[in-house]
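Asker: Have a look at the structure that comes next, please.
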Amino acid sequence: MEADNADELHLRHVETDVLIPKMMREKARERCAEKVEAFTHCCKESGFLMVLNCREENSALKECLTLHYKDPGFFEECKQEYIRQKMEFERTGIPLKKRNQKLPTSM
């Protein structure tokens, strides 16, 4: 199923409802890295009291992530990246993870 234009490519339900949102979560965590780090640090420092001590960091992280999750432009950006990856896989048969692995320098 190859298309000249990525917009013409039909996406299955699992792609739009599971795979693209998964990509969005991963990218949102990257974009909210500072808030993720602050929350993680607070949790490590607080131990069992993290529920009480890290409310502010947790709220800031949730707010940052939710901002991305609800952004239709961000969804479209991730969708287009997903389509490019899908088309490249269909063209090469090589999954993204394997394409990104470095080849060994010596045998």
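The values are calculated or read from the model by the stated rules, or taken from the named source; none is laboratory data. Computed from a predicted model, the values in this text were never measured in an experiment. Cβ: placed from backbone, ideal geometry, glycine included. Neighbour counts: every protein chain shown.
Asker: Is it true that L11 is closer than 29 Å to R91 by Cβ, out of contact with any Cys (no Cβ under 9 Å at 6 or more places or on another chain), modelled with pLDDT of 95 or more and of a type in the set (A, V, I, L, M, F, W, C)?
Answerer: Considered against the rule, which asks whether it is closer than 29 Å to R91 by Cβ, out of contact with any Cys (no Cβ under 9 Å at 6 or more places or on another chain), modelled with pLDDT of 95 or more and of a type in the set (A, V, I, L, M, F, W, C), L11 comes out as no.
Asker: Criterion first (under 30 Å from L96 (Cβ atoms) and among the acidic types (D, E)) does E37 satisfy it?
Answerer: yes
Asker: In this structure, is F48 among the aromatic types (F, W, Y) and modelled with pLDDT under 95?
Answerer: yes
Asker: Sticking with this one: Within the stretch 70-99, can you find the residues that are part of a helix (DSSP H, G or I) and among the small types (G, A, S)?
Answerer: Hit for the stretch 70-99 is G73, nothing else.
Asker: Continuing with the same structure: Under 6 Å between Cβ atoms, at least 6 apart or on separate chains: pull out the pairs that start in the stretch 1-17 with a residue that is on the phi < 0 side of the Ramachandran plot and of a type in the set (A, V, I, L, M) and end on any residue that is at pLDDT 70 or above and surrounded by 10 or more Cβ atoms within 10 Å (Cβ to Cβ).
Answerer: Correct list of pairs: A3/L9; A6/Q80; A6/I83; L9/I83.
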